[in-house]
Amino acid sequence: MHVLMMSVYAAMAAVVLAAVDPKSNTTRQRFLHGLKIFGSFLGIGLLLSWILFPIPW
Amino acid sequence: MQPRDALTENLATHFNDRTISFDEPRQFPLARRTAAVIAAWLVPGAGHLVLGKNGRALLFFITIAGAFALGLVLSGHLYWPTPDPASTVGFDLITVLWFFTQVGSGLCYIISYLLGLGTASIPQAAASPTFEYGNTFMILAGLLNYLVVYDAFDIAAGRKR
């Protein structure tokens with residue numbers, strides 16, 4: 001459930017952040033930028049959960 | 001005047017340099033700029049629609065209104081600044097902060113509030129296992145719409161396409 005919610009959250013954030021990116025001029029550039037944001041959200045989220053998992057509180 | 005057969009200069013290079021772009025950033029009139037910013041806050045994507053960016057408008061509407069609706073379905077709570085005499089500002093700061101983030105989604109927040117959606121008391125709403133997910137999605141919707149409002153303003157001011 002949590003990973004699913006995180007993925008939906010990442011997808012929604014990535015779509016908007018990529019669409020408002022002032023450095024991307026073409027649809028292809030925006031799409032690639034969105035993929036990077038989506039991957040970063042998921043990657044950093046999983047990394048943080050892996051680091052924080054052993055902490056008991 | 002030179003006869004056509006005597007022309008030796010390659011005119012094609014001159015014409016190639018004179019390409020006209022129809023999609024250059026341009027400043028919109030003040031009334032349209034103002035309308036775009038207000039519309040962008042009220043309805044996600046409406047500001048871009050006012051500026052003729054129909055594709056982006058649809059994308060923003062689906063994403064932001066979708067995030068807000070998903071938050072409501074997941075039992076999120078609509079926050080309103082709660083008076084707190086013990087606080088130095090007279091309000092519970094976390095409710096002020098969360099209200100500010102959620103109200104960014106404009107009419108999504110206002111209509112839901114008027115219809116009584118997401119207005120159950122916090123202990124009652126928090127009984128749902130998806131309460132925190134719901135809050136997170138509604139906060140996401142509001143914050144993303146603030147970005148979209150800024151984007152509409154930038155386009156209207158001629159700072160970007």
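Brief remarks on what is shown
- Highest mean first, the peptides B:83-93, B:42-52 sorted by other C-beta atoms within 10 Å per residue fall in the order B:42-52, B:83-93.
- If R0 is taken as 22 Å, the Cβ-Cβ distance between B:Glu132 and B:Leu93 corresponds to a FRET efficiency of 0.70.
- Taken residue by residue and averaged, Cβ atoms of other chains lying within 10 Å of the Cβ of A:13-26 number 5.
- Counting, for every residue in A:2-11, the Cβ atoms of other protein chains within 10 Å of its Cβ and taking the mean gives 3.
- C-alpha long axis of helix B:30-42 to longest principal axis of chain B, angle in °: 40 degrees
- Estimated [θ] at 222 nm from DSSP helical runs (n ≥ 4, -39500 (n - 2.57)) normalised by residues in chain A, nearest 500: -27000 deg cm²/dmol
- Chain B: calculated mean residue ellipticity at 222 nm from DSSP helix runs of at least 4, using -39500 (n - 2.57): -18000 deg cm²/dmol
- Using alpha-carbon coordinates, inclination of helix A:27-52 to the longest axis of chain A, degrees: 10 degrees
- Taking every C-alpha pair closer than 8 Å and separated by at least 6 residues, the mean separation divided by the residue count of region A:2-52 gives a relative contact order of 39 percent.
- Total charge dipole magnitude, the protein assembly as shown, about the Cα centre, Cβ charges on Lys, Arg, Asp, Glu only, Debye to nearest 20: 500 debye
- The mean number of partner chain beta-carbon atoms within 10 angstrom of a residue's beta-carbon across peptide B:150-157 is 1.
- For peptides B:29-41, B:101-113, B:126-138, A:37-49, sequence by mean Cβ density within 10 Å, most packed first: B:101-113, B:126-138, B:29-41, A:37-49
- Counting only Cβ charges, +1 for Lys and Arg and -1 for Asp and Glu, the dipole size of region B:13-161 around its Cα centre is about 600 debye.
- Farthest towards the positive end of the charge dipole of chain B, among the residues B:Pro123, B:Ile38, B:Phe99, is the Cα of B:Ile38, using unit charges on the Cβ of Lys, Arg, Asp and Glu.
- Whole-number percent relative contact order across chain B, with pairs defined as alpha carbons under 8 Å at least 6 apart: 34 percent
Coordinate-derived values only; no laboratory data. If you're wondering where the values come from, they're calculated on a predicted model, not measured in any experiment. Cβ sites come from the backbone with ideal geometry, for glycine too, and all protein chains shown count toward neighbours.
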